[in-house]
Amino acid sequence: FPPTRNAKTVKPGSYIIVLPSFITLADLHYMVDSFCQMALYAFNRKGKVVIVNPNDTDVEVNGKTLPHYALSIAWEASFLQAIFLDPEPVAELSPTKTNTNFKVYSWSINDQTDLCSGQIDNIRLFDIWLSQEGRFSRDSKLFEVNEHLDLKGCELHLDWGALHPYSWITLNGRYGGSVGELLDVVSDLINVSFRISQDLKNPHIVFPTYY
């Protein structure tokens, strides 16, 4: 049940979601609702998400593979560090399944065509967990921070706040002021552009602001 208005929000350091063995449409809706509840009442921006699929499946949702769909749902709920564990097909079923290897899927900012659209269009196989050996096949470091981001020049819609004398809107409709110079630096660093948006209900960024 939803917490009371004055209840403290839980802030876990990580999240583990185990999908059912046989996935139905109701299960997919439940997963979406779970991420919504986590985002509302147990959100940690730095929290790491692990989604586990216990059985190999060829399920597709809206033209996306199950790993792609699940990672997209996590992204839409603002969980940026997420991986999807998918079991490799095995020739012989083991009663304990301790010998099952898991493919590790995830995504990175630099792999996306247009992240400003709000969609993840590319995921990739990062590594394979070798259960019997207790290690990754490529010795990958999961949840590694990429210090060299490239958003491919995509455009972020900006709700620009006028806070004189630090920020204002210029006569040609651009952002101005010393705070605007900060955005120019960010634009160069991550290869992104900013456009002041008139759609104040759906901006990508509200900046600058104060509390």
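The values are calculated or read from the model by the stated rules, or taken from the named source; none is laboratory data. Keep in mind that what you see is a predicted model, and the values were worked out from it rather than measured. Every residue, glycine as well, gets a Cβ built from its backbone with ideal geometry; the counts of neighbours run over all protein chains shown. The area values use the complete protein model at the heavy-atom level, side chains included, leaving out ligands, DNA and RNA. Shrake-Rupley method; radii C 1.70, N 1.55, O 1.52, S 1.80 Å.
Side notes on the structure shown:
- Within the stretch 154-177, being free of Cβ contacts under 8 Å to residues at least 40 places away in the same chain, open to solvent by 30 Å² or more (accessible area, probe 1.4 Å) and within 30 Å of ASN110 (Cβ to Cβ) holds for one residue alone: ARG174.
- Among the residues of the stretch 173-211, just one is among the small types (Gly, Ala, Ser), touching an Asp or Glu at 6+ places or on another chain (Cβ under 7 Å) and outside any strand (DSSP E or B), namely SER197.
- Count - residues of the stretch 17-41 that are under 17 Å from the mean Cα position of the chain (by Cα) and either farther than 15 Å from ILE73 by Cβ or open to solvent by 70 Å² or more (accessible area, probe 1.4 Å) (or both): 3
- Residue in the stretch 111-152 that is least open to solvent (accessible area, probe 1.4 Å), counting only those that are among the aromatic types (Phe, Trp, Tyr) and more than 27 Å from ASN62 (Cβ to Cβ): PHE136
- Here LEU156 clears all of (1) touching a helix residue (DSSP H, G or I) at 6+ places or on another chain (Cβ under 7 Å); (2) in a loop (DSSP other than H, G, I, E, B) except the condition numbered (2).
- Sole residue being of a type in the set (Gly, Ala, Ser) and in contact (Cβ under 8 Å) with a residue 24 or more places away in the chain, chosen from GLY134, GLY118: GLY118
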